[in-house]
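Quick one: this structure, given as structure tokens, is what I'll be asking you about.
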Amino acid sequence: MIKKMLIANRGEIAVRIMRTCKEMNITTVAIYSSADEESYHVKFADEAICVGDAHASSSYLHMNNIIMAALNSGCDAIHPGFGFLSENAIFASLVEQVGLIFVGPSAHLIELMGNKVKAKQAMIDARIPIIPGSVGAVTDLSECQRIASQIGYPLIIKAAAGGGGKGMRLVHEQSELDQAFQAAKQEALASFGSAEVYVERYFTQTKHVEVQIIADKHGHVVHLFERDCSFQRRHQKVIEEAPCFALTQTQRKKILNDAVKAAKAVGYDSVGTIEFLMDTSGQTYFMEMNTRIQVEHPVTEMITGIDIIKIMILCAQGKPLPFTQRDITMKGYSIECRINAENIRSNFAPSPGTIAFMHVPFGPHVRIETAMYQGATIPPYYDSMILKLIVWGQTRLEAIKRMRGALEELLIEGVHTNIEFHYLVLHQKEFIEGRYTTDYASVLIKELNTVEEFIRTT
Amino acid sequence: MKNLFEQRKKQISGFKTLLNVSKHLFAKKEMPNDVIHVCATCHKASTLEHFQRNLRVCVHCDAHERVSAKDRLHMSVDEGSFKPLWNQLTTSTKLDFPDYQKKLKEARQSTQLNEAVLVGEATLDQHPIAIGVMDANFMMGSMGSLVGELITRLIEHACEHRYPLILYVASGGARMQEGIISLMQMAKTTQAMKKHHDLNLFSIMVLTHPTTGGVSASFAMLGDLTLSEPSALIGFAGKRVIEKTIQQSLPSHFQSAEFGLEQGFIDMIIHRHEMKSTLAYLLLWSKGGTHETIRV
């Protein structure tokens with residue numbers, strides 16, 4: 001039984017986890033950096049321990065300090081939230097080694113799904129379609145050319161150890177391949193200390209559809225339906241919704257089955273998300289699995305009525321799932337807007353500062369996840385999310401209209417925000433139709449930047 | 001902070017223009033005139049429904065407003081007990097005072113009555129009565145030949161069946177369009193009242209606003225009991241006419257029901273809410289019921 005838990009995170013997700021803990025009679029311990037002393041997660045927790053200074057590497061990423069804080073305060077468990085140490089297998093393993101419960105999957109699962117090559121191989125073994133490309137690292141040019149001729153163009157070369165766009169090369173036709181391959185390798189070596197790259201088919205106009213999975217330590221796996229996270233700016237999700245409006249029943253069935261099959265195949269044992277890419281023909285491919293709770297989990301909670309954090313904590317204690325797949329139903333539609341402190345007029349640059357005034361919407365089926373309050377300061381060291389605004393509606397259109405109203409009511413002063421941007425997005429024909437792809441946000445942003453009213457008032 | 005909300009409103013309005021969200025022009029809507037009642041005395045408003053349920057007595061100042069004959073019957077006798085008499089009769093078309101027929105026609109239309117009085121039989125708290133109700137909405141409840149005839153017939157009907165008589169009076173007086181014929185009705189109704197009286201039958205006149213002219217000078221003052229609603233105008237000639245004739249100023253409440261009570265012309269002033277129960281009490285009393293038996 002978990003009686004006391006340390007939440008190894010900050011901001012709204014720490015607060016979100018603590019809320020469920022309080023409901024479950026679990027004493028909460030917050031950690032914080034010296035920059036977060038006045039943060040709400042610190043005030044809200046039963047206890048709070050400073051684990052280092054402002055830079056994440058010496059606080060929220062500092063494993064030893066966090067472990068010592070958990071042990072010294074007598075915790076039974078650590079919840080990692082998302083980001084920071086949430087997908088760090090070494091940390092998960094360390095938590096278990098010191099005799100605490102890691103609220104998340106077993107360390108070996110984090111390791112497996114965190115390794116792109118191993119994860120792909122596991123999916124191939126489970127007969128889940130993956131994006132066509134090289135399974136392992138591609139070392140020489142001739143092999144790269146062979147794979148390229150199999151999968152066709154356009155394709156993308158990525159650093160095996162990489163991320164964040166570094167060591168990535170987009171190749172539109174054969175003539176560009178040699179040069180791109182060499183450049184990607186060099187950049188990968190320079191950035192990540194490894195020249196390993198792999199090759200994949202590159203899709204445009206794709207939908208990002210992901211399936212929420214919950215599994216226990218007894219081999220039970222259920223899905224909580226899917227989310228559509230195709231509204232992205234530079235691979236950052238901005239608006240998420242559940243369920244995915246663009247799926248046919250057959251497509252939905254397939255993707256949900258694939259996700260459960262994939263989770264079962266690797267013996268998954270916690271809350272996780274399997275991300276799929278859907279191409280223009282409706283074909284879905286496994287992209288990756290996130291072995292943690294996700295930012296956008298509330299939209300799934302809104303349509304299923306299930307507290308995902310609660311189930312995650314129960315499963316971490318070894319309890320079996322309190323329901324079967326048949327018990328889980330979805331109702332209506334839910335949308336989440338990530339309200340960030342960023343200046344949309346200067347290319348969405350983060351806009352840290354103090355919230356001088358904040359007025360949030362209430363009303364039926366409106367939910368807000370935040371750790372911000374009037375007078376609180378958004379430090380420049382971490383992410384710039386102020387709050388998540390979530391609404392539910394009987395129909396998708398009702399949810400869209402409710403979100404527009406909620407955005408109209410939401411006022412935040414003192415920092416730049418993307419509230420107006422969200423408001424405009426929710427009026428676009430493409431968004432309302434629900435068929436928008438991951439390319440859409442950048443097109444819309446370009447378009448809006450030529451509109452005088454947008455420039456003048458945002 | 002108030003400013004921030006206004007700024008946002010402006011911004012959203014700008015966006016709506018940008019997004020081509022159609023802005024409706026909303027035409028003003030009229031308040032239906034049968035919903036609100038404004039009191040003529042205190043000028044305060046209440047809903048018409050509240051006012052009606054309060055028996056057309058102002059909920060603010062207690063002013064008793066005019067009641068149509070049909071409404072009066074509804075609030076005065078046992079539910080469904082009223083049987084109208086001679087209600088097919090209409091005033092002779094031979095009377096040709098200018099515009100008279102036209103005015104009659106309009107009054108019939110607006111009141112849905114044939115004349116300014118409704119007469120018939122009814123029961124009040126189980127007591128059979130002969131009842132007449134005048135309607136001031138019909139040419140000011142003025143007494144023409146038919147009004148006089150109907151009242152006379154009613155009184156005679158009461159004599160024949162030995163019914164007590166109740167008359168709700170509301171009238172501006174004799175009907176000038178009928179000239180001498182209308183004045184004739186004063187004598188006619190008066191002799192009928194004498195007959196009723198001589199038969200030892202009980203009669204109550206309920207004077208309501210206004211009771212004036214030839215009506216107040218004939219049957220209206222000839223009941224065994226004369227009741228009135230509060231503040232009703234009760235008199236013969238107009239106050240201004242009298243002041244000019246006698247060259248004297250008159251008391252401020254001259255010709256009010258309260259003044260009439262002081263001077264002994266009126267026996268009781270009864271609030272409209274108490275009128276029906278008071279009449280029931282008086283009917284019982286007239287038959288020899290004691291205060292004690294009435295109380296039960």
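Counting DSSP beta bridges with both partners in the protein assembly as shown, what percentage is antiparallel, nearest 5?
So the antiparallel bridges amount to about 70 percent of the total.
Separate question: Set the bar at 18 Å for Cα to Cα. Now go through A:Lys118/A:Lys264; A:Lys120/A:Lys217; A:Lys120/A:Lys261; A:Lys120/A:Lys158 and name every pair that lies beyond it.
A:Lys120/A:Lys217
How much mean residue ellipticity at 222 nm does chain A get from its helices, if each DSSP H run of length 4 or more adds -39500 (n - 2.57) and you divide by all residues, to the nearest 500 deg cm²/dmol?
Helix contribution divided over all residues of chain A: -10500 deg cm²/dmol.
In 20 Å bins starting at zero, report the fraction of Cα pairs in chain A per bin as a rounded %.
24, 58, 18, 0
Taking each residue in A:450-457, count the Cβ atoms of any other chain within 10 Å of its Cβ, then average. What number comes out?
3
Among DSSP bridges having both ends in chain B, what percentage is antiparallel? Round to the nearest 5.
In chain B, DSSP labels about 45 percent of beta bridges as antiparallel.
Give me the inter-chain shielding for B:17-29: mean count of other chain Cβ atoms within 10 Å, whole number please.
1
Here's a follow-up. What is the distance in Å between the Cα centroid of region A:216-236 and that of region A:34-74?
Between the Cα centres of region A:216-236 and region A:34-74 lies a distance of 29 Å.
May I ask you to order A:178-185, A:124-131, B:137-144 by the average number of other C-beta atoms within 10 Å around their residues, highest value first?
Packing proxy ranking, top to bottom: B:137-144, A:178-185, A:124-131.
Right, another one. State, to one decimal in nm, how far the label point of A:Asn72 lies from the label point of B:Met75, with both points 7 Å from Cα in the Cβ direction.
Taking the two extended label points, one gets 8.4 nm.
Given points 7 Å out from each Cα along the Cα-Cβ axis, report the B:Gln88 to A:Leu141 separation in nanometres with one decimal.
12.0
Next question, about the same structure. Which GluC sites (Glu not before Pro) in region A:1-100 pass both tests, a DSSP loop state and at most 14 other beta-carbon atoms within 10 Å?
A:Glu37, A:Glu38
Quote the FRET efficiency, to the nearest 0.05, computed for A:Ile124 versus A:Ser149 with a Förster distance R0 of 22 Å and r equal to the Cβ-Cβ distance.
Using R0 = 22 Å, I get an efficiency of 0.65.
Further, regarding this structure: Which FRET efficiency value, to the nearest 0.05, is calculated for A:Tyr381 and B:Leu4 with the Förster distance at 41 angstrom and r the Cβ-Cβ distance?
Using R0 = 41 Å, I get an efficiency of 0.90.
Now for a separate question. Give me the Å³ per residue figure for the convex hull around the C-alpha atoms of region A:250-362.
In region A:250-362, the Cα convex hull volume per residue is 193 Å³.
Among residues other than B:Ala280 whose Cβ falls under 12 Å from its Cβ, what is the net charge (Lys/Arg +1, Asp/Glu -1)?
Result for the local shell: -1.
Given the options B:Pro164, B:Pro84, B:Pro32, state which has the largest fluctuation in a GNM of chain B using a 10 Å cut-off (strictly under) for Cα springs.
So, out of B:Pro164, B:Pro84, B:Pro32, the one fluctuating most is B:Pro32.
Scan region B:3-54 for chymotrypsin sites (Phe, Trp or Tyr not before Pro) in coil per DSSP, keeping those whose Cβ has at most 11 other Cβ atoms within 10 Å, and list them by number.
B:Phe26
Let me ask another. Compute a Gaussian network model of chain B, connecting alpha carbons closer than 10 Å, and tell me which residue from B:Ala237, B:Ala27, B:Ala257 fluctuates the most.
Largest GNM mean-square fluctuation: B:Ala27.
Helix-only estimate, please: 222 nm mean residue ellipticity of chain B, summing -39500 (n - 2.57) across DSSP H runs of length 4 or more and dividing by its residues, to the nearest 500.
Value at 222 nm, helices only: -12000 deg cm²/dmol.
Please enumerate, by chain and number, the aspartates and glutamates with C-alpha under 20 Å from the C-alpha of A:Lys331, excluding those fewer than 8 residues away in the same chain.
A:Glu210, A:Glu226, A:Asp228, A:Glu240, A:Glu241, A:Glu296, A:Glu301, A:Asp307, A:Glu398, A:Glu433
Let me ask you something else. Based on the Cβ-Cβ distance of A:Glu173 and A:Ile90, what FRET efficiency does E = 1/(1 + (r/R0)^6) give at R0 = 45 Å, to the nearest 0.05?
0.60
Taking the alpha-carbon centroid of each part, what is the distance from region B:36-51 to region B:117-169 in angstrom?
Here the two parts' Cα centres lie 30 Å apart.
Additional query: So between B:Arg240 and B:Ser286, what do we pick up on full extension, going 0.36 nm a residue minus the alpha carbon distance?
12.6 nm
Taking the radius of gyration and the Kirkwood hydrodynamic radius from Cα positions alone, what is the Rg/Rh ratio for region A:4-103, to two decimal places?
0.92
How many nm is it between the label spots at B:Glu106 and A:Lys43, if each spot is 7 Å from the Cα in line with the beta carbon?
Simple spin-label model gives 7.4 nm for this pair.
Restricting the calculation to Cα positions, tell me the Rg (one decimal) and the Dmax (whole number) of region A:306-458 in Å.
Cα radius of gyration and Dmax of region A:306-458 are 17.9, 57 Å respectively.
Sticking with this one: Would you kindly state the longest site-free stretch of chain B, with sites defined as trypsin sites (Lys or Arg not before Pro) in a DSSP loop (not H, G, I, E, B) surrounded by at most 16 other Cβ atoms within 10 Å?
B:163-286
Of A:Lys22/A:Lys43; B:Lys83/B:Lys287; A:Lys237/B:Lys9; A:Lys254/A:Lys310; A:Lys401/B:Lys16, which sit over 18 Å apart, Cα to Cα?
Where the Cα-Cα span goes over 18 Å, the pairs concerned are B:Lys83/B:Lys287; A:Lys237/B:Lys9; A:Lys254/A:Lys310.
Take chain B, mark every one of the GluC sites (Glu not before Pro) that falls in a DSSP loop and has at most 14 other Cβ within 10 Å, then report the longest stretch left between them, sites excluded.
Between exposed loop sites, the widest span is B:80-296.
Within a 10 angstrom radius of each residue's Cβ in B:7-13, how many Cβ atoms of other chains show up on average? Whole number is fine.
Average per residue, whole number: 4.
Moving on to the next point. Taking a cut-off of 21 Å between Cα atoms, list the lysines near B:Lys102, but don't count ones fewer than 8 places away on the same chain.
Filter leaves B:Lys94.
Another question, then. Give a quick list of trypsin sites (Lys or Arg not before Pro) in region A:1-91 that DSSP marks as loop, anything other than H, G, I, E or B, with at most 13 other Cβ atoms within 10 Å.
Passing sites in region A:1-91 are A:Lys3.
None of the figures in this text is laboratory data; all of them are computed from the coordinates on show. In this text, all values refer to a predicted model and were calculated from it rather than measured experimentally. Reconstructed Cβ throughout: ideal geometry from the backbone, glycine too, with neighbour counts over all protein chains shown.
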